[in-house]
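What follows is a set of notes on a single structure, which appears directly below.
The values are calculated or read from the model by the stated rules, or taken from the named source; none is laboratory data. Keep in mind the model is a prediction, meaning the values are calculated, not measured. Backbone-built Cβ (ideal geometry, glycine too); neighbour counts: all protein chains shown.
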Amino acid sequence: MSETKACPFCAETILAVAVVCKFCKSRLDEPPQPERKDPRRAAHEAAAKSKAHAILSGKLPPSPPAPGPLSPSTWMSLILTIVVALPGVLVYVLSPQPDDTTGCLAVSLIIAGIPAIFLIVNFILDLTGPSPRKRSTPEEAVRAFYGAVKRRHYGRAWACLSPLDRTAEVRVTQEIPALSVDAKPYPFDRKGKFGKYWRSQAGLDDKGIGGYHKGLKYEIAGVDEIRPGVAAVRVRLRIGGYPSAVILAFLAIGLLVVILMYALRKEETFEVRKVVYERDGLWWMASGELGDGEDAALEELLRAS
């Protein structure tokens, strides 16, 4: 009786000397092809190894200074308010006959009222929003990071990013088909380049009239402790937008444009796990990428250790 074996492809019983399976027609004499590794996954694993070693050994770079309590938008609004109002005030104060310059003062103050409104709004957002200065828990670290990205304050988001992630290492943005976001490489070695990454990645770079005007929403779904001083935060990210062209018709069409914004709006939702770690009383984002490929590799290494 001839010896038999199970086909490694379909599990049917075939002759041991068979070269081709009579059931699934697969060739049995071809050597197994080596598994091809995704180059992005390999890059994530390489970066995660160096980060895991630094976190586990405690050999972390010095912590950079925390940003101030006021955002750049608030400072810019304050400067514009002063610049616009100052000429009228000076003319009124220095004039030998102040009554003659009352109109100049009034005009300056009325025009200065426009940036003053933005000043008040930005100041309230700074007081009520997540502050990069206060990151005493994993949740606060993630809120401060994505809160800054949402307001397009990439320098403040950069301040929440771990020194371990501020490298010339090239990161590729995640492709988002529904919102026409293409995969592009960017280094993270300077906050300006980090900002370009996020403007492209989250679709916050509206690409002019032909693209989408996009925004980012985030929600924390939970926190899992990996080890003391290290945690993984589950984050739900929602990127949505509407065609930039509808903004041009805002003054002409009014309410219809608002309806079009919502009618033509598209969204992409991502569930990610972001690793954060504690140092000097603050929690730091281990990776500033939209996706969590490097975070997954880092979490696996930290749990294995």
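Scan segment 259-272 residue by residue and report those that are aliphatic (A, V, I, L, M), more than 26 Å from VAL233 (Cα to Cα) and surrounded by 13 or more Cβ atoms within 10 Å (Cβ to Cβ).
LEU260, MET261, LEU264
Looking at the structure I just gave you, is SER244 at pLDDT 90 or above, surrounded by 14 or more Cβ atoms within 10 Å (Cβ to Cβ) and among the small types (Gly, Ala, Ser)?
So SER244 fails the test.
Only residues that are closer than 18 Å to GLU175 by Cα and either not in a helix (DSSP H, G or I) or not assigned by TED's automatic domain parsing to the domain that holds GLU140 (or both): list them for segment 288-305, please.
GLY288, GLU289, LEU290, GLY291, ASP292
Name the residues in segment 60-89 that are crowded, with 17+ Cβ neighbours inside 10 Å, out of contact with any Phe, Trp or Tyr (no Cβ under 7 Å at 6 or more places or on another chain) and hydroxyl-bearing (Ser, Thr, Tyr), would you?
Those that are crowded, with 17+ Cβ neighbours inside 10 Å, out of contact with any Phe, Trp or Tyr (no Cβ under 7 Å at 6 or more places or on another chain) and hydroxyl-bearing (Ser, Thr, Tyr): SER71, SER73, THR81.
With the requirement that a residue be surrounded by fewer than 13 Cβ atoms within 10 Å (Cβ to Cβ), part of a strand (DSSP E or B) and not charged (D, E, K, R), what does segment 215-238 give you?
ALA221, GLY222, listed by residue number.
With respect to ILE117, is the statement that it is surrounded by fewer than 16 Cβ atoms within 10 Å (Cβ to Cβ), free of Cβ contacts under 8 Å to residues at least 40 places away in the same chain and either more than 18 Å from GLY68 (Cβ to Cβ) or in contact with a Leu (Cβ under 6 Å, 6 or more places away or on another chain) (or both) true?
When the stated conditions are applied, ILE117 passes them.
Working only within segment 178-206, note down all residues that are exposed (fewer than 15 other Cβ atoms within 10 Å of the Cβ) and at pLDDT below 80.
Selection gives ALA178, ASP182.
Which of the residues that make up segment 247-301 are touching a His at 6+ places or on another chain (Cβ under 7 Å) and at pLDDT below 80?
Hit for segment 247-301 is ILE247, nothing else.
Per-residue answers, yes or no, for (1) more than 30 Å from VAL275 (Cα to Cα); (2) assigned to a helix (DSSP H, G or I); (3) not polar (S, T, N, Q):
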{"site": "ALA106", "(1), (2), (3)": "yes, yes, yes"}
{"site": "ALA112", "(1), (2), (3)": "yes, yes, yes"}
{"site": "PRO130", "(1), (2), (3)": "no, no, yes"}
{"site": "ALA141", "(1), (2), (3)": "no, yes, yes"}
{"site": "PHE145", "(1), (2), (3)": "no, yes, yes"}
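Could you list, in sequence order, all residues of segment 284-305 that are under 18 Å from TYR218 (Cα atoms) and in contact (Cβ under 8 Å) with a residue 40 or more places away in the chain?
Result: TRP284, MET285, ALA286, SER287, GLY288, GLU289, LEU290, GLY291, ASP295.
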